[in-house]
Structures are given as C-alpha cells and as structure tokens.
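Engineer: Take this structure first; my questions come after.
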Amino acid sequence: MVGGPYFDVKLGRKDGLESKAHKVQGNVPMPNQTVHDIHGMFKKNGFSLREMVALSGAHTIGFSHCKEFSDRLFGSKADPEINPRFATALKGLCKNHTVDDTIAAFNDVMTPGKFDNMYFKNLKRGLGLLASDHLLIKDNSTKPFVELYATNEKAFFEDFARAMEKMGTVGVKGDGEGEVRRRCDHFNNLNV
C-alpha cells in the first residue's frame, strides 16, 4: 500500500491471551537507547546487527510523539548534531507538547507516506527524528548498513523483507498459550 517490499506472513500465529503495557518494557526498543542496548534486545531473539538496522528502516513511515524526542530539541541537553533547520521546525511543532501529548512528527519528513530508503538518506543529513535513529549513523558498527541502505534501496527492501519474515517466528505461542485472533480490532483483556 505504501510501496514497500512484499514478504510472507505465516498464518495461524497465536497471540497472547492478554496484553499488558508493563510487559513491553525491556522487549521493545526505546527512542533514547544506545545501539548496543537495542542490539542486545534483537540479538536475544536471534537477529544480527544488519537485520536490526534493516528493521529500523520501518521508521520510513509513521510518526513519533514529541515527548519521544523533545529532549533532543529543548534545554541544556539539546542535540547539536540535529540538522538546524529540522530542529527549528520541530521546536515550532512541539512547543506545546507538555500540554498536548498527542502532538507528533513524521519519522521521515521527506517521504512520510512512502516506504522507501529515504529514512537512511535522512540519517546522513541529520534528519533522524529519534535519538536512537541518529545513533545508527554515528555508531561505527551500524554506519556501514545505513550507508548501504541509503544508496541501495533494493538491498534495504530485501533485508527488511527477510527480517520481517524472521520477526514473525519470534516468540510463537504453543497450544494453550495463546489464541489465533479472529478479529484484529478487538483485544481481550487489554490492560494498558
């Protein structure tokens, strides 16, 4: 729908019987974590550094709330490496984020509705929205993959598709541990 690669999604995967926000902590990367910490999460699920960077490319679509990156914009710890024009625009957008926590910015300001490799091109220009995004171009272990994907969309698409298929095999539930959801818009026991 947004131009990204095709990948198989295996049918019949069971979802948990309940969803609890407190169980997310430590299992989903946070916007201010280091590359080392994020890779640790991926590594424990069998993902390589290259796969982690490819999956980070999902940030080519979607948005993030200002509270997730405002520390890069305001105060004494403002990030001097963020593109100055980008920072000015984000400061204007997020100036009231403490009053209205629904204010958000696109993760990819150049092509926000298109799944492409612009996210990686943006990182090279200081246009990474989240601190964790920006670190991908700064860290010597991940920088080669960012540079590859910025110049070779086909490589990004192929690696992303393979990593997404692999993601679908992580934490598969056995009998009695979950359910195959008949409706994806209805969550039993959702407690967030």
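The values are calculated or read from the model by the stated rules, or taken from the named source; none is laboratory data. Here the structure is a predicted model, which means the values were calculated and not measured. As a convention, Cβ positions derive from the backbone with ideal geometry for all residues, glycine included, and neighbour counts pool all protein chains shown. Surface areas here come from the heavy atoms of the whole protein model, side chains and all, with no ligands, DNA or RNA. Shrake-Rupley method; radii C 1.70, N 1.55, O 1.52, S 1.80 Å.
Engineer: Restricting to the range 92-110, what's the tally of residues that are assigned to a loop (DSSP other than H, G, I, E, B) and open to solvent by less than 70 Å² (accessible area, probe 1.4 Å)?
Structural biologist: 6
Each row is one residue, and each column tells you yes or no for (1) modelled with pLDDT of 95 or more; (2) within 22 Å of residue 121 (Cβ to Cβ); (3) loosely packed, with under 13 Cβ neighbours inside 10 Å.
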{"residue": "45", "(1), (2), (3)": "no, no, no"}
{"residue": "74", "(1), (2), (3)": "no, no, no"}
{"residue": "80", "(1), (2), (3)": "no, yes, yes"}
{"residue": "86", "(1), (2), (3)": "yes, yes, no"}
{"residue": "90", "(1), (2), (3)": "yes, yes, no"}
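Engineer: Those residues that are open to solvent by less than 60 Å² (accessible area, probe 1.4 Å) and among the aliphatic types (A, V, I, L, M), I need them from the range 3-35; list them, please.
Structural biologist: Listed by number, the residues that qualify are 21, 35.
Engineer: Quick one: which of 76, 56 is part of a loop (DSSP other than H, G, I, E, B) and over 27 Å from residue 177 (Cβ atoms)?
Structural biologist: 76
Engineer: Then there is this: Any residue at all in the range 113-133 that is out of contact with any His (no Cβ under 7 Å at 6 or more places or on another chain), open to solvent by 10 Å² or more (accessible area, probe 1.4 Å), within 21 Å of residue 28 (Cα to Cα) and in a helix (DSSP H, G or I)?
Structural biologist: Yes; the residues of the range 113-133 include at least one that is out of contact with any His (no Cβ under 7 Å at 6 or more places or on another chain), open to solvent by 10 Å² or more (accessible area, probe 1.4 Å), within 21 Å of residue 28 (Cα to Cα) and in a helix (DSSP H, G or I).
Engineer: Confirm whether residue 166 is under 30 Å from residue 10 (Cβ atoms), in a helix (DSSP H, G or I) and either at pLDDT 95 or above or open to solvent by 60 Å² or more (accessible area, probe 1.4 Å) (or both).
Structural biologist: Against the criterion (under 30 Å from residue 10 (Cβ atoms), in a helix (DSSP H, G or I) and either at pLDDT 95 or above or open to solvent by 60 Å² or more (accessible area, probe 1.4 Å) (or both)), residue 166 qualifies.
Engineer: Now, a different point. Only residues in the range 148-164 that are touching a residue at least 40 places away in the same chain (Cβ under 8 Å) count as the first member; pair them with residues that are open to solvent by 50 Å² or more (accessible area, probe 1.4 Å) and among the hydroxyl-bearing types (Ser, Thr, Tyr), Cβ under 7 angstrom, at least 6 apart or cross-chain, and list the lot.
Structural biologist: Between residues of the range 148-164 that are touching a residue at least 40 places away in the same chain (Cβ under 8 Å) and residues that are open to solvent by 50 Å² or more (accessible area, probe 1.4 Å) and among the hydroxyl-bearing types (Ser, Thr, Tyr), the close pairs are 161/6.
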